[in-house]
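Undergrad: Sending over a structure as structure tokens; questions will come in a sec.
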Amino acid sequence: YNFNNDKATPEVFGFTDDDESWEIRNNTSDRVVWKNANFGGTDWLNDFEGRHPDGNTDPTNLAALAAWIKSTDTTGLSDSAKAARLAKFKSEIADWMDVDSTLFYYLFTELFLMVDSRAKNAFPTRYDNGVWCWLPYDMDTAIGINNEGALAFEYHLEDTDYVDGEKVYNGQDSVLWINFRMCFPTEIRTMYQELRSNKSNPFSYQS
């Protein structure tokens with residue numbers, strides 16, 4: 001899953017001077033599930049680390065992304081207010097993110113039960129000062145393996161499930177991934193069907 005490439009290898013990922021990439025450092029902060037867009041002071045550095053440029057501490061673009069995602073949070077709202085927030089998310093997402101990249105990342109982490117890749121280990125990245133995409137890293141919690149390296153989960157579990165009262169996915173409360181699942185079910189299904197029907201390179205559990 002990692003190809004043994006360290007995250008500090010910019011040539012591998014094609015980074016240039018105009019690119020920006022961040023490592024999400026934990027699963028527990030409100031910032032990393034996009035419920036907090038406060039990047040004042042230095043506390044935010046506990047949640048995000050500059051991956052490229054190495055050591056970057058200018059959160060201007062990241063804070064703007066966080067503010068937009070937070071503005072679409074539906075937590076605790078009435079049905080009509082939730083619908084309005086989801087409509088905003090769906091209509092504006094292409095202004096902020098590469099939709100195909102986001103769609104594939106959601107599907108990849110869903111199909112292979114990558115429980116530690118929806119907050120920590122997701123790397124929001126901008127190429128050429130463009131919209132954000134999602135680079136994978138450290139995808140070792142897959143196909144039932146939990147964050148302690150134990151084979152803990154059955155294959156059939158979803159990103160809405162609980163096991164023994166605990167959420168299956170770290171970052172399961174992420175505003176981004178909840179909204180994406182709610183807004184793009186048809187697109188998720190279509191991409192999955194296209195990938196599974198590709199006879200030359202099937203996207204499957206076996207392969």
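Undergrad: Ratio of alpha-carbon Rg to the 2.2 N^0.38 Å globular estimate for the chain, to two decimals, please.
TA: Computed over Cα atoms of the chain, the ratio equals 1.01.
Undergrad: What span do the alpha-carbon atoms of the stretch 92-204 cover on each of the three principal axes, reported in whole Å from largest to smallest?
TA: For the stretch 92-204, the Cα spread along each principal axis is 40, 32, 25 Å.
Undergrad: When averaged across all projection directions, what area in nm² does the alpha-carbon convex hull of the stretch 133-191 cover?
TA: 5.1
Undergrad: Can you list which of the DSSP-assigned H helices in the chain have a Cα extent of 24 Å or more along the long axis and an average Kyte-Doolittle score of at least -1.0?
TA: Going by DSSP H runs, the hits are 79-96.
Undergrad: How large is the accessible surface of residue 131 in square angstrom, using a 1.4 angstrom probe and rounding to the nearest 10?
TA: Solvent-accessible area, nearest 10 Å²: 60 Å².
Undergrad: Could I ask something else about it? For the chain, please report how many Lys pairs fall under 28 Å Cα to Cα, leaving out neighbours fewer than 8 apart on the same chain.
TA: For the chain, qualifying lysine pairs total 23.
Undergrad: Per residue, what accessible area does the stretch 11-168 have, given a 1.4 Å probe and all protein chains present, in Å²?
TA: 47
Undergrad: Beyond 21 Å, what share of the Cα-Cα pairs of the stretch 1-88 is found? Please give it as a whole percent.
TA: 43
Undergrad: Moving on. If you place +1 on the Cβ of every Lys and Arg and -1 on the Cβ of every Asp and Glu, how big does the dipole about the Cα centre of the chain come out, in debye to the nearest 20?
TA: 660
Undergrad: Remind me, relative contact order of the chain in percent, using alpha carbon pairs under 8 angstrom and six or more residues apart?
TA: 24
Undergrad: Convert 20 °C to kelvin, take the viscosity as 1.002 mPa s, use the Kirkwood radius over C-alpha pairs of the stretch 47-95 as Rh, and evaluate the Stokes-Einstein diffusion coefficient in µm²/s, rounded to a whole number.
TA: Estimated via Stokes-Einstein, D reaches 171 µm²/s.
Undergrad: Sticking with this one: Identify, among 72, 87, 168, the residue whose Cα sits farthest towards the positive end of the charge dipole of the chain, taking +1 on the Cβ of Lys and Arg and -1 on the Cβ of Asp and Glu, with the dipole about the Cα centre.
TA: The Cα lying farthest towards the positive end belongs to 87.
Undergrad: Could I ask something else about it? Could you please state how large a percent of the accessible area of the chain is carbon and sulfur, counting protein chains only and using a 1.4 Å probe?
TA: 48
Undergrad: Another one. Which longest uninterrupted range of the chain lacks any GluC sites (Glu not before Pro) assigned by DSSP to a loop state (not H, G, I, E or B) and surrounded by at most 12 other Cβ atoms within 10 Å?
TA: 12-147
The values are calculated or read from the model by the stated rules, or taken from the named source; none is laboratory data. As the structure is a computational prediction, the values presented were derived from the model and not from experiment. Positions of Cβ are generated from backbone atoms using ideal geometry, with glycine treated the same way; all protein chains shown enter the neighbour counts. In case anyone asks, the SASA skips ligands and DNA or RNA and just uses the protein heavy atoms, side chains included. Shrake-Rupley method; radii C 1.70, N 1.55, O 1.52, S 1.80 Å.
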